[in-house]
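To keep things clear, I will list the structure first and then write my remarks on it.
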Amino acid sequence: MKKTIFAVILILGLIGHAFWPAEYQKIKSPDGRFEATAYYHRYKEWLPLSPGQGGDKSGWIKIESLSGENFGDLKVDRISRINEIEWTPGTAEIKLLGTWNLE
């Protein structure tokens, strides 16, 4: 009985770890007031990719102010799209994917 409980806890722990967010990259806005962070689920580390293709994982990008205010997240097909963010006064945008209102 104890072995079964231990096995169930171990399996649930592994599943939880597989779907726990992993951070790929952080960038700051040009004015330094905001920070964008790209995340993916850890199980994607176990999927085969060619060398140099780590940024091709799907995931999401979240923008927060330096004081911790959350402006939401955007699902992306490639987490490397964090480098495509265009910052303008009051907004951040990834063309053809989405816009954050930073006001």
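Solvent-accessible surface (1.4 Å probe) assigned to TRP87 amounts to roughly 60 Å².
A 1.4 Å probe over all protein chains sorts SER67, SER50 by accessible area into SER67, SER50, starting with the largest.
Number of Lys-Lys pairs in the chain with C-alpha atoms under 24 Å apart and a separation of 8 or more places or on different chains: 17.
Average accessible surface for the chain: 68 Å² per residue, computed with a 1.4 Å probe over protein heavy atoms with every protein chain in place. Once semi-axes √(5λ) of the Cα gyration tensor in Å is calculated for the structure shown, the corresponding label among (i) 18, 16, 14; (ii) 21, 14, 13; (iii) 33, 17, 10 turns out to be (iii). A simple rule links phi to the HN-Hα coupling: the Karplus curve 6.51 cos²θ - 1.76 cosθ + 1.60 with θ = phi - 60°, which for the range 80-90 gives 5, 5, 4, 6, 9, 5, 10, 8, 10, x, x Hz, with x for Gly and Pro.
For the chain, the relative contact order is 19 percent, taking Cα pairs closer than 8 Å that sit 6 or more residues apart in sequence and dividing their mean separation by the residue count. For the chain, the longest principal axis of the Cα atoms and the long axis of helix 2-19 meet at an angle of about 20 degrees.
The sum of -39500 (n - 2.57) across all DSSP H runs of n ≥ 4, divided by the residue count of the chain, sets its helix-only mean residue ellipticity at 222 nm to -6000 deg cm²/dmol. Other residues whose C-beta falls under 13 angstrom from the C-beta of ILE82 contribute a net charge of -1, scoring Lys and Arg +1 and Asp and Glu -1. Sorting VAL8, VAL76 by accessible area puts them as VAL8, VAL76; the probe is 1.4 Å, largest comes first, and only protein heavy atoms count. Compared with the alpha-carbon gap, the fully stretched path from TRP20 to GLU84 is longer by 20.6 nm at 0.36 nm per residue. The accessible area of THR99, taken with all protein chains in place and a 1.4 Å probe, comes to roughly 90 Å².
The values are calculated or read from the model by the stated rules, or taken from the named source; none is laboratory data. If you're wondering where the values come from, they're calculated on a predicted model, not measured in any experiment. Please note: Cβ atoms are built from the backbone with ideal geometry, for glycine as well, and neighbour counts cover all protein chains shown. Areas reflect the complete protein model, heavy atoms only, side chains present, ligands, DNA and RNA absent. Shrake-Rupley method; radii C 1.70, N 1.55, O 1.52, S 1.80 Å.
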